[in-house]
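As C-alpha cells, the structure follows; a few thoughts come after it.
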Amino acid sequence: MRILLWHVHGSWTSAFIRGGHEYLLPLVPGRGPDGRGRAATYDWPDSAREVPFDRLRDEPVDVVVYQRPHELDLARDWLGRAVPGVYVEHNTPKGDVPHTRHPLAGRTDVTLVHVTHFNELYWDNGKAPTRVIEHGVPDPGPLYTGELPRAGVVVNEPVRRARVAGTDLLPRFAERVPLDVFGMKVTGLPFRAYEDLPQHLMHAELARRRVYLHPYRWTSLGLALIEAMTLGMPVVALAATEAIEAVPPEAGVLSTKVSVLADALHAFAADPESAAQAGKAARAAALARYGLGRFLSDWDRLLEEV
C-alpha cells in the first residue's frame, strides 16, 4: 500500500514505517509541524519518502493515517479526493477526565486506534469504531552494561511538561541517585543533560546507566520506557496509566510512593547484579509484548480491512 502519514511522533513512526509498504511523509517549506518530512535523528528506511504537500494530488495514496484532528482537513485539501483513513490516538485524554470526549467521537467513518488499552478506556470515544494496537519497537539489542551507578531519564520538553512528565519529582530522586536526562529541550536542567541525541547514540549512552527512571504521571505509555527495557535496563516507574501493564514485578519497581521509588533507585544503583537480573526480565517482557513483528502484523490486518 501507499500510506500517507505525518511525522508527528518520531519513535512511533520509526516503528510504523518498517512494514512492507510505501510511506509518504508530507513536506512543507521550513519543515514545520504540518510537513516535517523525514526525521533527522532516526535511521528510517528508503520506503519512507518525503513528498512536497503540493504534489500529493499526483500520488496514488491508498490510506491515510491521521494523528491530529486538523489532518483530516489537510488530507482533503492536499489530496483533492476522499481516501480511506484511520486515526491514531497517542495521548491520554486532557481536561475533565474521564469525561473527555474524543474529537472523532461523532464519526463512524474513521477507525480510532488507541496505542494502549488505558487510552481506549479513559477517552469518551462516542460512536467511533475503536481498535487497540499496542506499541511496537525495533529491537536495539541487549546493550545494557549498567557500568555507571546513575539513573537515566528520557523526557522531551521537561520544563513545559513538568507535572505531566514528573519533572518536579526529579530533585527528590536525585537526592538518592545521580540523574542523567536525555531528550529535547533538556539543557538547563540542574542535572547532567544530553540534548536530542540521535537515537542510536542515545540508546548506547542510556544503556551505560544502572537503572531507568520513568517519573511520568500522565502519559499513555512512553516509548522510551519500552526501549529502555529492550536495552536490558531495570525500571523504576510511577504506577500510573499503562506502566502497570508494561512492567512486570520482576523487571523493576512500580509505586505511587515517591519514597519507595527513591529507595528502589538507590538499591539498584548499589547492586549491579540485582540490576542486571531485573534488566534481563525487563528485556524479555518488552520483546514478548512489544515486538516489532506483532505490531506490524496488527497494523497490516487493520489496514487491509480499511
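The values are calculated or read from the model by the stated rules, or taken from the named source; none is laboratory data. Nothing here was measured: the structure is a model prediction, and the numbers come from that model. Glycine also receives a Cβ, built like all others from the backbone with ideal geometry; neighbour counts cover every protein chain displayed. Accessible surface areas use protein heavy atoms only, side chains included; no ligands, DNA or RNA. Shrake-Rupley method; radii C 1.70, N 1.55, O 1.52, S 1.80 Å.
Return only the number of the condition from (1) under 29 Å from V155 (Cα atoms); (2) touching an Asp or Glu at 6+ places or on another chain (Cβ under 9 Å); (3) part of a helix (DSSP H, G or I); (4) of a type outside the set (G, A, S) that Y87 does not satisfy.
So the condition that Y87 fails would be (3).
Only residues that are under 29 Å from A284 (Cα atoms) and either of a type in the set (S, T, N, Q) or in contact with a helix residue (DSSP H, G or I) (Cβ under 9 Å, 6 or more places away or on another chain) (or both): list them for region 83-129, please. Break it down into steps so the answer makes sense when it comes.
Narrowing region 83-129 to residues under 29 Å from A284 (Cα atoms): 88-92, 113-122.
Result: V88, E89, H90, N91, T92, V113, H114, V115, T116, H117, F118, N119.
Looking at (1) assigned to a helix (DSSP H, G or I); (2) open to solvent by less than 60 Å² (accessible area, probe 1.4 Å); (3) of a type in the set (G, A, S), which is the one condition that is false for G19?
(1)
Can you tell me which residues in region 146-155 are in a loop (DSSP other than H, G, I, E, B) and crowded, with 17+ Cβ neighbours inside 10 Å?
As a first pass, look at region 146-155 and keep what is in a loop (DSSP other than H, G, I, E, B): 146-147, 155.
Answer for region 146-155, where residues must be in a loop (DSSP other than H, G, I, E, B) and crowded, with 17+ Cβ neighbours inside 10 Å: G146, V155.
Being open to solvent by less than 10 Å² (accessible area, probe 1.4 Å), under 30 Å from A243 (Cα atoms), in a loop (DSSP other than H, G, I, E, B) and in contact with an Asp or Glu (Cβ under 8 Å, 6 or more places away or on another chain), is that true of even one residue in region 38-52?
Within region 38-52, none of the residues are open to solvent by less than 10 Å² (accessible area, probe 1.4 Å), under 30 Å from A243 (Cα atoms), in a loop (DSSP other than H, G, I, E, B) and in contact with an Asp or Glu (Cβ under 8 Å, 6 or more places away or on another chain).
Within region 194-202, identify whether any single residue is in contact (Cβ under 8 Å) with a residue 24 or more places away in the chain, more than 19 Å from P158 (Cα to Cα) and in contact with a strand residue (DSSP E or B) (Cβ under 8 Å, 6 or more places away or on another chain), and answer yes or no.
Residues of region 194-202 that are in contact (Cβ under 8 Å) with a residue 24 or more places away in the chain, as a first pass: 196-200, 202.
With more than 19 Å from P158 (Cα to Cα) added as a condition, the list becomes 200.
Of the ones still in play, those that are also in contact with a strand residue (DSSP E or B) (Cβ under 8 Å, 6 or more places away or on another chain) are none.
No, region 194-202 contains no residue that is in contact (Cβ under 8 Å) with a residue 24 or more places away in the chain, more than 19 Å from P158 (Cα to Cα) and in contact with a strand residue (DSSP E or B) (Cβ under 8 Å, 6 or more places away or on another chain).
What's the number of the only condition in (1) touching a residue at least 40 places away in the same chain (Cβ under 8 Å); (2) in a loop (DSSP other than H, G, I, E, B); (3) small (G, A, S) that G95 fails to meet?
(1)
Would you check if T145 is over 17 Å from F16 (Cβ atoms), in contact with a Lys or Arg (Cβ under 8 Å, 6 or more places away or on another chain) and among the β-branched types (V, I, T)? First the steps, then the outcome.
Numbers: over 17 Å from F16 (Cβ atoms): yes; in contact with a Lys or Arg (Cβ under 8 Å, 6 or more places away or on another chain): yes; among the β-branched types (V, I, T): yes.
Yes: the conditions hold for T145.
Check whether at least one residue in region 75-93 is open to solvent by 30 Å² or more (accessible area, probe 1.4 Å) and under 29 Å from T219 (Cα atoms), and report yes or no.
Taking every residue of region 75-93 in turn, at least one turns out to be open to solvent by 30 Å² or more (accessible area, probe 1.4 Å) and under 29 Å from T219 (Cα atoms).
Looking only at residues that are under 20 Å from the mean Cα position of the chain (by Cα) and without any contact (Cβ under 8 Å) to a residue 60 or more places away in the chain in region 115-140, which one is surrounded by the most Cβ atoms within 10 Å (Cβ to Cβ)? Full working, then the answer.
Taking region 115-140 and keeping what is under 20 Å from the mean Cα position of the chain (by Cα), we get 115-123, 130-140.
Now drop any that are not without any contact (Cβ under 8 Å) to a residue 60 or more places away in the chain, which leaves 120-123, 130, 132.
Values: E120: 18, L121: 12, Y122: 18, W123: 25, T130: 18, V132: 15.
Only one residue fits best here, namely W123.
Looking at (1) among the aliphatic types (A, V, I, L, M); (2) surrounded by fewer than 20 Cβ atoms within 10 Å (Cβ to Cβ); (3) more than 23 Å from V137 (Cα to Cα), which one does V8 not meet, given that it meets all the others?
(3)
Need the failing condition index for D168 against (1) open to solvent by less than 80 Å² (accessible area, probe 1.4 Å); (2) within 24 Å of R192 (Cβ to Cβ); (3) modelled with pLDDT under 95, just the number.
It fails just one condition, (3).
Test R68 against the stated conditions and say whether it is among the basic types (K, R), open to solvent by less than 50 Å² (accessible area, probe 1.4 Å) and modelled with pLDDT of 95 or more. Walk me through it before giving the result.
Numbers: among the basic types (K, R): yes; open to solvent by less than 50 Å² (accessible area, probe 1.4 Å): yes; modelled with pLDDT of 95 or more: yes.
Considered against the rule, which asks whether it is among the basic types (K, R), open to solvent by less than 50 Å² (accessible area, probe 1.4 Å) and modelled with pLDDT of 95 or more, R68 comes out as yes.
Looking at (1) under 27 Å from N119 (Cα atoms); (2) touching a strand residue (DSSP E or B) at 6+ places or on another chain (Cβ under 6 Å), find the lone condition where L223 falls short.
Answer for L223: the failing condition is (2).
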